[in-house]
Amino acid sequence: QEIFHPVQEVITKFGGTVNKLSIDEKGVSVLAVMGLPPNVYVDSPIRMIRAALSLIEVFRSRNFKCSIGITSGKAYCGVIGSRTRREYTVMGDVVNVAARLMAAAKGGLLCDLTTRNAGREVIQFDALPRELS
């Protein structure tokens, strides 16, 4: 609750949705999505970057490590499963790449080129370290 509540609060503030929460040996992982119907925004990448930066500040103030990966693009969003168990989810390459970026972020924030290009007019980005580019 101490981790999830601020995530939900910040993501919702910027117009996003928390889709998944999982806890395993690597810690707590959250799949947050910006731009799910009917809340589609032209500036979804910028909103998600701002939400991520807010989350980093929230978690640093509480001495929690936070690694974030952001990607932008199209993904399947809809219901999967059967009549006895189904869920609303998002799936696709952009989701998988975001998870890989999160793993590589090691306490920071990494985003894909599409996200950077969408936000570069309003947000300053640092170049990737050579070993990640």
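General observations
- Dipole magnitude for the chain: computed about the Cα centre from +1 point charges on Lys and Arg Cβ and -1 point charges on Asp and Glu Cβ, it is near 180 debye.
- Computed over region 1-79, relative contact order equals 24 percent, with contacts defined as Cα pairs under 8 Å that lie 6+ residues apart.
- Size of region 30-133: Rg and Dmax of its alpha carbons, in Å, are 14.9, 48.
- Burial ranking of peptide ranges 99-105, 19-25, 56-62 (average Cβ count within 10 Å, highest at the top): 99-105, 56-62, 19-25
- Point-to-point label distance, H5-S22, nm (Cα→Cβ direction, 7 Å offset): 2.6
- Relative contact order of the chain, taken over Cα pairs closer than 8 Å and 6 or more residues apart, is 20 percent.
- The charge dipole of region 76-133, taken about its Cα centre with unit charges on the Cβ of Lys, Arg, Asp and Glu (plus for the first two, minus for the last two), comes to roughly 280 debye.
- By average C-beta atoms within 10 angstrom, highest first, the peptides 73-80, 46-53, 124-131, 10-17: 46-53, 10-17, 73-80, 124-131
Laboratory data are not the source of any read-out in this text; all were calculated from the coordinates shown. Remember, predicted model here, so these are calculated numbers, not experimental data. A quick note on method: Cβ atoms are made from the backbone with ideal geometry, for glycine too, and the neighbour counts reach across all protein chains shown.
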